[in-house]
Amino acid sequence: MKKLILFVLILLSAHIGAARANGSSIKGVLRDEQNAPIPFATVILKNSSDSVLYKGEISNEKGEFNFENVKQGNYFLQVQMTGYQKFTKLNINIPENSEAIDLGTIIVPPSSKDLQAVTIQGEKPFIEHQVDRTVVNIENSIVQTNSSILEVMEKLPGVLVDQDGNVSLKGKQGVIIMIDGKPSALSGQDLANMLRGMSSSNIQKIEIITNPSAKYDAAGNAGIINIVMKKNKLEGFTGNVSTGFGQGRYSKYNAALSLNYKKNWFNLFFNYSYSNRKGFNNLVLNRKFYEGDTLNTVFQTNDYIIFPFNTHTPRLGADIYLSKKTTLSLLGTSVINSFNPSANNHTDITDGHNNRVSSYDFINDSKDNFYNYAFNAELTHQIDTAGQEISVDLDYAKYWNTTNQLFTTTSRNAADSIMDRTYLVGKQDGALYLYSIKADYSKPLKKNARFEAGVKSSYVNSDNNMQFLNRINNVDYFDTARSSHFLYSENINAAYLNYKKEFKKISLQLGVRAEHTAAHGKQVLDGQTFNRNYVQVFPTAFVDYKLNANNDINLSLGRRIDRPGYEQMNPFRRLIDATTYSEGNPYLLPQLTYNSELTYSYKNVFFITAAYSLTTNNITEVLIQDSQTRTTIQSTVNLNRFNYGSLNISYSKRLTPWWTTNTSILSYYGIYTGTINNYQINKGTPSFYVNTSNSFSIKDGLSAECSFEYNYKNLYGVTLVKTSYNLTIGVQKSVLKKRGSITLNVTDILWKAYPSGDTQFGNVNEEWTAIRDTRVVNLNFSYKFGKGQGARMRRNTGADDEKNRIQTN
């Protein structure tokens, strides 16, 4: 490592004093949506700084509650009651010498599930619309059980996964994938393979943040998808064990174990999951080459790839409460992914009159091992009882892989006689090291205001050595034209300021973030290098206006950046099949995006969001044809502009005591403009997306869920992705005194969720369909054990925010 990041340790100790007898009071009235009082509800008051329980009350017959002798500080209120959603009211500030705070009438919406469903799945609805994000509670979903993480993402509202595993959000590329607030250092196929191997059994929720604040790294044109893993926080010893089996064309099974022990000054937890999944990708492709308007050559390809994954995912962590104000959190995670994919590709080559000219068979046998481990240390200290807080985070991670491949290409003439057979051996060793440190400071100000600031430095170092050897008469000869040894390093230093202010009806948040990027890449074999050194500033603004108790308007503005992935800048040609390569572009520039969103909400159940964004130097994947050799190169270029507009309508409500719906309709239009390889591009097409998820309480301990997605054809760079849809149903039954559950679901019943499309660029027209193992019957069993009791607790870590950022595709 070229740069050493020093560890900063803050040693502060203090204790929370007893509440003053002459403190303030907080009172209010709980009512339902029909304005009826809610008696005997649990009302909890917690410190905003560390979420520690301060006081608890029970509402009376009239729904009234009253907290006496509340000392100066910043708090938030939680209301819990069977049959109602868990309600949270933030930013309750008690100034010095205050006598009484009257919160007035608080409307608590009904829960999306009845008592039996809550017992099994928790209190949160499947989809929650918050001010700055959409939260999908995966652990509450029946139809997501026994899926891989990538399959879960394919079913998220507004998310599309293409044939190569690339993720787009609401029709926009440039999504940052995070796990527990940490962006993955992997990108492209490597990231997709890791997510394919990981099971959904340990996911608590997924957060979709389309316009993050200045506290987050500025990367992510389309926004952030944050995968939050489960973490038990009950006092004492608790645990959960689960196992599942799925059958599509191939079988899939997984098992998971979670253990947690919390006592007084410490909390220990351990999670382990194992996934054995076998899937396939059948790419049927028709690639046409033109000379002017005349069809010259056609490549008709059938490529069948089998993916057998064996993935181990252990997590071990501890929270140590050094004092009532200071907490040290330690977390170690790992992913071990072994799989041996095999590909069989047959291609017929015909002329413009459909006469067969030649053909070839391409076979790839591969043995792949991917490993990563990561360590995080976080120290959080509450400076005072008013909510002033500081936290420091350290991160270290290593990702490495070994791949051994054998490519066999057999060429045949028009009479189907073998003309040639070649063997190519591939050996790949790659390693990536990541180091990061950051500090965040938060201070409440007078008159319901808050100031936040932070700094961060991250460094990544990558060494990727790909060797290819031509095997002739069982002797291997080094191929300098195909081999690559690519070195890449990147250092990002950042600082941000954030200011929040609460008025009577208006909430205001203004922020600015500055990032300095220094990157260096080198292709060792040919000596080709590139350097990047620049500073960018990213302002953000959020305004929330409460028209009245039922109506709310929110406006958000921001500027974001997407840096090219290091593999996207590697000029090495990666073999896909006998006539197709992928090639990096060392001259790629970062793309910059200006985002704006305007949202109207009614009773927190009906939402309308209008959005517009402008992206310059848009990073786009294209196909470039070599007319002499009839080979196709997949590469990445910068397009001049991408204009995007959308309108999203969503509705989440418990319609009857037994039926809850979460439904959204997104319409959008994007236009790509620019020049690539002397071809002018000015493409755009309107599209829409419909997603509805419905949960049903049938009877005691028995519930069901049905979801449907419809993706109308949409433009993804220069590719028109065709219409797809997905119908999934599932049922769940609680057993063993409601400590266990049995879940049965069928995903993609109609088998129409796989992608297909049409790519037109220059003199190439490519129609393709990528059939996948998406129709699967899953059976899962889960059991909770232990005698844990609810207790005061702090948040998961000090970082629901990002703790390190490495560019992803």
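Placing dummy labels 7 Å off each Cα toward the beta-carbon, the span from Phe451 to Glu96 is 1.6 nm.
Between Gln680 and Asp526, the FRET efficiency estimated from the beta carbon spacing at R0 = 25 angstrom works out to 0.20.
Return the loop-located trypsin sites (Lys or Arg not before Pro) in segment 471-561 (DSSP other than H, G, I, E, B) with at most 12 other Cβ atoms within 10 Å of their own Cβ; answer none if there are none.
Answer by residue number: Lys504, Lys505.
In summary, segment 410-528 shows an alpha-carbon radius of gyration equal to 2.01 times the 2.2 N^0.38 Å reference for compact globular proteins.
Write down the Kirkwood hydrodynamic radius of segment 276-368, to one decimal in angstroms, obtained as one divided by the mean of 1/r over all alpha carbon pairs.
Here the Kirkwood hydrodynamic radius works out to 17.8 Å.
Compared with the direct C-alpha span, the chain from Val605 to Asn276 gains 114.5 nm at full extension, assuming 0.36 nm per residue.
Surface analysis of the chain yields an accessible area of 42 Å² per residue, using protein heavy atoms and a 1.4 Å probe. Once you divide the Cα radius of gyration of segment 365-409 by 2.2 N^0.38 Å, the number left is 2.31. Full extension of the chain between Gln72 and Phe266 gives 67.1 nm of extra length, using 0.36 nm per residue less the Cα-Cα distance. Largest first and in whole Å, the equivalent-ellipsoid semi-axes of segment 473-630 read 47, 20, 12, each the square root of five times a Cα gyration tensor eigenvalue. Any idea what % of Cα-Cα pairs in segment 230-323 are farther than 16 Å? Summing the P(r) of segment 230-323 above 16 Å gives 71 percent of all pairs. Apolar share of the accessible surface for the chain: 56 percent from carbon plus sulfur atoms, 1.4 Å probe.
Its convex hull of Cα atoms gives the chain a direction-averaged projected area, equal to a quarter of the hull surface, of 33.6 nm².
A compact globular protein would have a Cα radius of gyration near 2.2 N^0.38 Å; the ratio found for segment 686-774 is 1.54. For segment 413-461, taking the reciprocal of the average inverse distance between every pair of different Cα atoms yields a Kirkwood hydrodynamic radius of 17.5 Å.
Each Cα pair under 8 Å and six or more residues apart adds its separation to the average, and for the chain the resulting relative contact order is 12 percent.
Listed cross-link partners Lys89/Lys205; Lys252/Lys738; Lys89/Lys500 are compared with a 25 Å cut-off, the Cα-Cα value being larger for Lys252/Lys738.
Remark: segment 537-681 projects, on average over all directions, an area of 13.2 nm² (convex hull of Cα atoms). The equivalent ellipsoid of segment 731-786 has semi-axes of 44, 11, 6 Å, largest first, where each one is the square root of 5 times an eigenvalue of the Cα gyration tensor.
If you take the Cα centroid of segment 688-712 and the Cα centroid of segment 609-662, the two points sit 25 Å apart. Taking every DSSP beta bridge with both residues inside the chain, roughly what % is antiparallel (nearest 5)? Within the chain, antiparallel bridges account for around 95 percent of the total. Where only DSSP H runs of four or more residues are counted, the chain gives -500 deg cm²/dmol as its mean residue ellipticity at 222 nm, each run worth -39500 (n - 2.57). Note that segment 319-408 shows a convex hull volume over its alpha carbon atoms of 158 Å³ per residue.
Free of any GluC sites (Glu not before Pro) that DSSP assigns to a loop and that have at most 12 other C-beta atoms within 10 Å, the longest stretch within the chain is 100-809. The stretch between Ser667 and Asp758, if pulled fully straight at 0.36 nm per residue, gains 30.7 nm over its current Cα-Cα span.
The values are calculated or read from the model by the stated rules, or taken from the named source; none is laboratory data. All values reported here derive from a predicted model rather than from experimental measurement. Ideal geometry is used to build each Cβ from the backbone, glycine not excepted, and the neighbour counts take in all protein chains shown. The protein model used for the area step is the full one, side chains on, heavy atoms only, and it has no ligands, DNA or RNA in it. Shrake-Rupley method; radii C 1.70, N 1.55, O 1.52, S 1.80 Å.
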